[in-house]
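As structure tokens, the structure follows; a few thoughts come after it.
The values are calculated or read from the model by the stated rules, or taken from the named source; none is laboratory data. Note that the coordinates shown come from a computational prediction; the quantities given were computed from them, not determined experimentally. As a convention, Cβ positions derive from the backbone with ideal geometry for all residues, glycine included, and neighbour counts pool all protein chains shown.
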Amino acid sequence: MNSNIFAIVDATFKDNLEQLTLHRMPGALPFAGKYRLIDFTLSNMRNSQITNVAIFPYGNYRSLQDHIGSGKKWDLDRRRDGLFILPPKNLYISPDEMITFQRMYEHIEFFKRSSQDYAIITSANIVWNIDFQDCLEEHLKNKADITEIMYKNIRLKTFLISKKLLIEYILVYDTQEYRTMLDLVERAPNLKIHIYKHQNYTRTITDTFNYLKSNLDMLKFDIGMKIFPPDRPIISKEKTAPPTKYLKNAIIENSMVSSGSIVDGTVINSVIARDVIIKKGATIKNSFIMSNCVIEEGSILNYVILDKQTIVKKNTHIEGVLNNPYVTQKEQIVSSFENLKVLLVASESYPFIKTGGLADVIGSLSRNLTKQGIDSTVILPLYKKIRETFFESLKYQFSRTIIYDKEKYKVRIYRYQYRKVKYYFIDSFDFFETENVYGYKNDPDRFAFFNKAVVDLLDDFESFDIVHCNDWHTSLIPILIDNSPHKGLKTLLTIHNIDYQGIGKNDIIKKLGITDFVLKDDNINFLEIGINRASKLSTVSPTYKDELKYEYYGKNLTYSLLNREREFYGILNGISSSFNPLTDKAIKTNYSSDNIELKLENKLYLQKKMSLKVDKDMFVIGMVTRIVEQKGFDLILNSFDELLENKNIQFILLGAGDKKYIQELEKLQERHKDQIKLNIGYDATNPNYIYSGADIFLMPSRFEPCGLGQMIALRYGTLPLVRRTGGLNDTVFKYDPITKKGNGFTFNNYDANEMKNTIQNAYNLFCENKEDWNKLIHRAMRSDNSLARSTQKYIEFYNVIIKN
Amino acid sequence: MKKPVVAMVLVGGRGSRLENITKSTAKPAVNFGGKYRLIDFVLSNLSNSGISTIGLITQYEPYELLSYVEHGSTWDLDVNQGGISLLTPYTSMDGELWQKGTAHAINQHFRFIDLYNPDYVLILPGDHIYKMNYNTMINHHIQSNSDITIATFKVNDNPSRYGILEMDDQSKIISFEEKPDNPKSNLASMGIYVFNKKVLKALLGESIEDNFDFGQDIIPLGLKHKLNVYGYKFSGYFRDVGTVRSLYEANMDLLDKPHLLKIQDYKDFPIFTKSVNLPPHHIIKSDKIYNSMISDGCLIYGQIIHSILSSGVIIKDNSVIIDSIIHPNVKIGANCHIEKAIIIEGSVILENTILKFTEVTVVDNEFLWKLGDVHE
């Protein structure tokens, strides 16, 4: 008998699967050799006799559509009911925690038309084998309004609700405070929530670690039997490949190998998909190899995910770790990259010169690249400040003449070696002999000249495999390379902040001697030219990358970026291991995640330093930031009067910036003298006092490409409370009161009230549930935002660029 | 609704020399190469040739075959007009219609051919192993202005098993003898024919009660009437696996001579087969997997040497499989030694069983029971 349930398959959620989901949705990810993730959900539907299924995708759902077709394989190709793919009205809708009522409202007809009385809402990235009829039985027996289906302590974003009730919530999506089923279960009063605990092996695939892990789990005999029982089969699209062929040299230990593959090498504890060729002498361990890959002679792979059609060249050694596997990109060619040579070009780099986060990124990336075996070189302009501080250590190399605007300019090249990183400085009296780094009328000319000099100097260096440019100051390098004998040299442009684009007069093009460029108007936009001409693009977090598809974030460059969407990546920055509360000499008492009670002493010390009431029960909100509009000061100024009526809340801020906001903040301080302490100016106090001493680290940014403050706070166990945007969304995961998971607090909209309520909720947890609070601190301190991790991502990405 | 070509596939044969392999199924349903059945080849060839109006004439033990073919969706043959029609023996006003031979079978279902009023009728046996684009043959037929075209292949040993023909320089057939004692050439008929529909109808109409078989009767009749009968030389891999030995050898060709059928190289000319919905096979521990093919759903603890395993086979610890073909869902217990055997679908081999043969031997449950009796 057909089920009285219809199904909503949520494929709109956000994931951390990096390049694996660049061109496909998580539901379309290959799994266990011959399946796609969505096969589990659809087969469960079929095995539960569910005949009416709607899939809500976002973005590029071609590969999902290709895979499921009419749904015939799952008996969903029918006259009555069947399978429906309901696309978003706005194709570039950004992924969310889970499907929203608003998204459902776009297709309200589907809900109204469905003849079944109950709806199951589930997602396309769960590996499991479940009978939804059992869930319905329990739901009815318990007379529940909503049944949430969980596995152990893991939330699966799977809910059972009556059609009638669901439609009620969908229809008022724009007036209620509940956006998703998660909100309803967590916050809605007067609803009877039942929890159905599914007993068998279940995993949701959200990042590369659990993607690899769950694939390898299938090699455990008992788990495999639970996921693939003969009476409840998992069904997939048929392929026509012949059986796997093993040749003379095959050695296999505990592995699954799919049809069409030809194995002549060693495979240990791995899952191999269809049509993979493993040649003699190749060794694969603990890895998941997708279809049509070729692994050539003598290669060694360990903890690797090879996306489809990857070719691993002879004698290549790729090593990842389980919680951070090495991931290739579709159609990539991987070969030994020991000798990869990278040139980093930027306007600033720590320790030589720093005005913002860019310098930290370049400094740390260059050092960590060499640590991981990459030959890295950095070129910077020799600003007056660098000369003054470092002149004695700089070694003069040679001089060159650079032609700019038909004039000859002499530049001198200096070199400095720090460990194995080579830094070169371009000294030009005419362009860089300034007090400050930026802020001059001729900035466009200064940096255009810098770009020209870098490209001319390429002749003097050993050849590089890739030139990594950063922000508008180096954005003309790709087009200059195209107009030089080095044409074909690969370039990567990383956008650290889209707000700075570099607008100059269009005669700069002529001054540079560029011929293949069509002038459109009086001005040129450096960043735009870079976006159009670089081999690949990246920005500093996956979420910011997605946000840049909207004009709200991407501004005038939205369409240039959309044009290059397939070449655009988000790679999260990391922070140095020197941020460590156990070894930080600046803080009062050192501590680690093993003894977080010692953190309290830092709080009391901070309160004392700030001349605020010293009391462990006070709730201390800390901020270390530039004081500018972007950072969310409008929200603070509009809600803190109300918030601080609670005399148990203290607010400590360190920062410098916009006078307008500083004045307003000072007025706020005046009104709440004994609760607020402002430290204006970058050196006003040691930021680590706040990172170690506050309870909450506040970052209500309007936008935040990556953000470093929240990562430092996490490492110091100070729980970040952030708006879900950019890098904040990629590093801070909201506290879930049901599973006690997460590492901080988040809110969605740029809205003072929402922020205030979130702070209020955090305060309540702080007061009422110390146990959960401490668990959160534990989890926060264990978050991995290391530089090593982000550097590895860059290396993977360099290889993608070079080998394609 | 007119179609240019209708294909008639003969799948009623018992294949009696295949011993117990065809005890309860028709020959076209016999397993091959780990995941195929013989009929996959002819249906995939049709699908790859874009011919989708097909009559499938059954007779002997049809159930397994019919449930395997279903609507033909496996081969993309479930099209709106035409597709696969299953033609079974039936009773009519004229009495019970039991096929007495290949030509007799076609004649019984001629009304099906008339339904589509084709120019050409393609007659195909359903149990051969080969990859062929029939369009090339049909074009050859059209260009040589032929009435009948017979596909031929070069036979190397024992030509007396086949219909042997002689051709002139223009590929026109001079003589044709079915299973001659003294073959005049080594050019044999593949049993694949293209007929102009009118010619076929006329030939079948001549006293069908005496003319049951294409090779024995209809082709000689055509030659006698001086019709244009041409040969079409097929140069690819072709096997008519009539005996256990030839079936075994064709299987082993996949391991030892993969360049012949090129089954691994399936992108351009796929051989479709029905999916079994099983996860990939899992090799849990194995000292040795050597020159073998293994299908989905197998669980393997033992050694596999120069063998072919079909889907869902379980091989337990310390068992050794050598030079053998294991059909689907066979369970082999621990410490067994299997050598040069074809193990039939669903057989259960208890632990410590030694089956070492010097000649290929078909093993099924019946065989195993008898073996058990001996042991007792």
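A few remarks follow.
- Residue ID - surrounded by the fewest Cβ atoms within 10 Å (Cβ to Cβ), chosen from residues in segment A:3-24 that are assigned to a loop (DSSP other than H, G, I, E, B) and in contact with a Lys or Arg (Cβ under 9 Å, 6 or more places away or on another chain): A:H23
For (1) acidic (D, E); (2) within 24 Å of the chain's Cα centre (by Cα), each residue gets a yes or a no:
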residue: B:H128; (1), (2): no, yes
residue: B:Y134; (1), (2): no, yes
residue: B:I142; (1), (2): no, no
residue: B:D147; (1), (2): yes, no
residue: B:N158; (1), (2): no, yes
residue: B:L165; (1), (2): no, yes
residue: B:N182; (1), (2): no, no
residue: B:G191; (1), (2): no, yes
residue: B:E206; (1), (2): yes, no
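- Within segment A:234-316, strands (runs of 3 or more DSSP E) holding 2 or more residues that are surrounded by fewer than 22 Cβ atoms within 10 Å (Cβ to Cβ), more than 7 Å from chain B (Cβ to nearest Cβ) and free of Cβ contacts under 8 Å to residues at least 24 places away in the same chain: A:266-268, A:283-285, A:300-302
- Qualifying residue in segment A:49-58 (condition: out of contact with any Gly (no Cβ under 8 Å at 6 or more places or on another chain), among the aromatic types (F, W, Y) and at pLDDT 85 or above): yes
- Residue that is of a type outside the set (A, V, I, L, M, F, W, C) and assigned to a helix (DSSP H, G or I), where the choices are A:N590, A:N638: A:N638
- Residues within segment B:336-366 that are part of a helix (DSSP H, G or I) and in contact with a strand residue (DSSP E or B) (Cβ under 8 Å, 6 or more places away or on another chain), tallied: 1
- When restricted to residues that are of a type in the set (A, V, I, L, M, F, W, C) and closer than 15 Å to A:I621 by Cβ, segment A:686-731 contains 10.
- Count - residues of segment A:457-506 that are among the acidic types (D, E), on the phi < 0 side of the Ramachandran plot and buried (at least 19 other Cβ atoms within 10 Å of the Cβ): 1
- Qualifying strands (runs of 3 or more DSSP E) (wholly inside segment B:273-328; at least 3 residues being in contact with a helix residue (DSSP H, G or I) (Cβ under 6 Å, 6 or more places away or on another chain) and either under 13 Å from B:Y36 (Cα atoms) or more than 9 Å from chain A (Cβ to nearest Cβ) (or both)): none
- Number of the condition not met by A:L191 [criteria: (1) at pLDDT 90 or above; (2) touching a helix residue (DSSP H, G or I) at 6+ places or on another chain (Cβ under 9 Å); (3) within 14 Å of another protein chain (Cβ to nearest Cβ); (4) not in a strand (DSSP E or B)]: (3)
- Residue within segment B:85-94 that is within 15 Å of the chain's Cα centre (by Cα) and either in the same structural domain as B:K201 (by TED's automatic domain parsing) or within 30 Å of B:E366 (Cα to Cα) (or both) present: no
- The conditions of being part of a helix (DSSP H, G or I), β-branched (V, I, T) and in contact (Cβ under 8 Å) with a residue 40 or more places away in the chain are not met by B:I123.
- Checked against the criteria, B:I219 does not count as in contact with a strand residue (DSSP E or B) (Cβ under 7 Å, 6 or more places away or on another chain), of a type in the set (V, I, T) and within 14 Å of another protein chain (Cβ to nearest Cβ).
- Some residue of segment B:232-240 being closer than 25 Å to B:V194 by Cβ and in contact with an Asp or Glu (Cβ under 7 Å, 6 or more places away or on another chain): no
- Condition check for A:S428: under 25 Å from A:K490 (Cβ atoms), surrounded by fewer than 21 Cβ atoms within 10 Å (Cβ to Cβ) and small (G, A, S): no
- Residue match in segment A:373-384 (condition: in a loop (DSSP other than H, G, I, E, B), closer than 20 Å to A:H473 by Cα, of a type outside the set (D, E) and touching a residue at least 24 places away in the same chain (Cβ under 8 Å)): yes
- For A:T625, the requirement of being touching a helix residue (DSSP H, G or I) at 6+ places or on another chain (Cβ under 8 Å), of a type in the set (S, T, N, Q), under 24 Å from A:M781 (Cα atoms) and assigned by TED's automatic domain parsing to the domain that holds A:Y716 is met.
- Those residues of segment B:140-173 which are under 15 Å from B:Y193 (Cβ atoms) and either β-branched (V, I, T) or in a helix (DSSP H, G or I) (or both), in sequence order: B:H140, B:H141, B:I142, B:I148, B:T149, B:I150, B:T152, B:I173
- Selection count where residues are in contact with a strand residue (DSSP E or B) (Cβ under 9 Å, 6 or more places away or on another chain), over 14 Å from A:Y418 (Cβ atoms) and either aromatic (F, W, Y) or assigned to a helix (DSSP H, G or I) (or both), scope segment A:390-400: 3
- For segment B:38-81, residues that are surrounded by fewer than 20 Cβ atoms within 10 Å (Cβ to Cβ), assigned to a loop (DSSP other than H, G, I, E, B) and in contact (Cβ under 8 Å) with a residue 60 or more places away in the chain total 4.
- Of all residues in segment A:738-775 being among the aromatic types (F, W, Y) and surrounded by fewer than 19 Cβ atoms within 10 Å (Cβ to Cβ), the one that is nearest to the chain's Cα centre (by Cα): A:Y750
- Criterion (under 24 Å from B:T361 (Cα atoms), in contact with a Phe, Trp or Tyr (Cβ under 8 Å, 6 or more places away or on another chain), aliphatic (A, V, I, L, M) and modelled with pLDDT of 90 or more) met by exactly one of B:I322, B:I332, B:I315: B:I315
- In segment B:329-348, the condition of being at negative phi and within 14 Å of chain A (Cβ to nearest Cβ) is met by at least one residue.
- A:D222 fulfils the conditions (1) within 14 Å of chain B (Cβ to nearest Cβ); (2) touching a residue at least 12 places away in the same chain (Cβ under 8 Å); (3) among the charged types (D, E, K, R) except for a single criterion, (2).
- Looking across segment B:251-269, just one residue is surrounded by fewer than 18 Cβ atoms within 10 Å (Cβ to Cβ) and either closer than 18 Å to A:I268 by Cα or at the interface with chain A (Cβ under 8 Å from one of its Cβ atoms) (or both), and that is B:P258.
- Of the set (1) within 14 Å of chain A (Cβ to nearest Cβ); (2) touching a Gly at 6+ places or on another chain (Cβ under 6 Å); (3) modelled with pLDDT of 90 or more, all apply to B:S52 but (1).
- Among the residues of segment B:97-140, the ones that are under 10 Å from B:V6 (Cβ atoms) and out of contact with any helix residue (DSSP H, G or I) (no Cβ under 8 Å at 6 or more places or on another chain) come to 4 in all.
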